[in-house]
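**Student:** Could you have a look at this structure, given as structure tokens, before my questions?
The values are calculated or read from the model by the stated rules, or taken from the named source; none is laboratory data. Since we're looking at a predicted model, the values are computed, not measured. Reconstructed Cβ throughout: ideal geometry from the backbone, glycine too, with neighbour counts over all protein chains shown. To get the accessible areas, we keep the full protein, side chains included, count just its heavy atoms, and leave off ligands, DNA and RNA. Shrake-Rupley method; radii C 1.70, N 1.55, O 1.52, S 1.80 Å.
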Amino acid sequence: MDRREKINDRKRHRTQAYWALLTNSYLPGFIQGKIYKGKLKALCVPGLNCYSCPGALGACPIGAMQAVIGSWNFKFAFYVAGFLILVGALAGRFVCGWLCPFGLIQDLLYKVPFPKKIRSFRGDKVLRKLKYLILAIFVILMPMFLVDIVGQGIPYFCKLICPAGTLEGGIPLVLLNSAMRGALGWLYVWKNVVLLVTVLLSILIYRPFCKYICPLGAVYSVFNPISVFHCRIDQEKCTGCCACASVCKMQVDPVKTPNHPECIRCGACKEVCPVKAMNFGCK
């Protein structure tokens with residue numbers, strides 16, 4: 001890894017860590033094994049951050065969207081949708097690369113030594129469409145139509161799939177709260193299996209959850225080509241050396257598609273460009 005790329009990686013990981021600590025700084029939750037339910041919990045955070053994490057101060061936008069999308073409480077539904085649109089329009093998947101706590105966990109897992117990492121495989125591009133299907137089915141359609149008597153949907157993605165929720169919320173609450181340990185069942189076992197598979201895959205493949213599963217990444221990816229914060233290529237400087245494409249762990253060619261939906265704005269491509277033809281900034 002190039003020295004400048006290493007420095008950029010450390011800077012990015014520090015930013016991710018600081019943001020994770022800031023948004024999960026409710027210390028009494030870790031001591032008492034209880035979820036914070038103060039006024040800040042009504043506000044969404046940009047990244048995938050489990051509502052049930054004992055230290056979480058804000059709400060995950062994906063969890064919030066599932067809870068209100070089928071409700072008559074249109075005011076809050078519009079707030080969550082507006083929040084996602086605003087963040088996406090401003091930053092695109094910059095959130096995935098710099099602010100998401102579960103993105104940091106995957107980044108660190110990928111650093112675990114292994115004889116052969118999997119950069120790509122047959123069916124990779126098709127599999128990346130799966131996150132859009134998960135967004136449509138588990139985050140929008142099921143919570144919208146399968147609602148309770150007051151019109152609230154069950155957060156099916158959080159309940160059945162999300163490994164971030166298991167790691168940040170499920171496991172800590174079970175360890176800290178004895179009452180919850182008596183209520184464990186097959187669903188808790190299933191969620192831990194999903195988490196274990198995600199952890200193992202994250203050692204082999206760079207950010208498999210972000211690439212194939214994450215519905216929040218699917219939302220932000222739509223805004224990547226038009227977001228205020230974006231990538232610019234100076235075509236007069238570019239020599240076509242392909243150094244940028246060779247270091248991209250999301251398998252994007254920045255010269256051909258500098259604002260590709262899969263780009264998480266990590267900045268590795270910018271750091272390795274020998275002629276400084278690439279720049280990230282606002283329009």
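**Student:** So which residues in region 33-51 are open to solvent by 20 Å² or more (accessible area, probe 1.4 Å) and among the polar types (S, T, N, Q), if there are any at all?
**Tutor:** none
**Student:** Now, a different point. State whether one or more residues within region 7-24 are polar (S, T, N, Q), in a loop (DSSP other than H, G, I, E, B) and either exposed (fewer than 13 other Cβ atoms within 10 Å of the Cβ) or touching a Pro at 6+ places or on another chain (Cβ under 6 Å) (or both).
**Tutor:** no
**Student:** Follow-up. Give the residues of region 155-205 that are outside any helix (DSSP H, G or I), under 24 Å from V139 (Cα atoms) and not aliphatic (A, V, I, L, M), sorted by residue number.
**Tutor:** Answer for region 155-205, where residues must be outside any helix (DSSP H, G or I), under 24 Å from V139 (Cα atoms) and not aliphatic (A, V, I, L, M): P155, C162, G185.
**Student:** Among I118, I62, I105, which is in a helix (DSSP H, G or I) and open to solvent by 40 Å² or more (accessible area, probe 1.4 Å)?
**Tutor:** Exactly one of I118, I62, I105 is in a helix (DSSP H, G or I) and open to solvent by 40 Å² or more (accessible area, probe 1.4 Å), namely I105.
**Student:** Cβ-Cβ under 9 Å, sequence separation 6+ or interchain: first residue in region 74-93 and closer than 13 Å to I226 by Cβ, partner acidic (D, E). Which pairs?
**Tutor:** Close Cβ pairs satisfying both conditions: R93/E262.
**Student:** Related question: Tell me which of these F223 doesn't satisfy, since it passes every other one: (1) modelled with pLDDT of 95 or more; (2) within 30 Å of F114 (Cβ to Cβ).
**Tutor:** The failed condition is (2).
**Student:** Quick check on region 177-185. Is at least one of its residues under 21 Å from I31 (Cβ atoms) and surrounded by 14 or more Cβ atoms within 10 Å (Cβ to Cβ)?
**Tutor:** Within region 177-185, one or more residues are under 21 Å from I31 (Cβ atoms) and surrounded by 14 or more Cβ atoms within 10 Å (Cβ to Cβ).
**Student:** Within the bounds of region 247-260, is there any residue that is in contact with a His (Cβ under 7 Å, 6 or more places away or on another chain), in contact (Cβ under 8 Å) with a residue 24 or more places away in the chain and assigned to a loop (DSSP other than H, G, I, E, B)?
**Tutor:** yes
**Student:** Now for a different question. Pick from P28, P54: which is surrounded by fewer than 16 Cβ atoms within 10 Å (Cβ to Cβ) and touching a Lys or Arg at 6+ places or on another chain (Cβ under 8 Å)?
**Tutor:** P28
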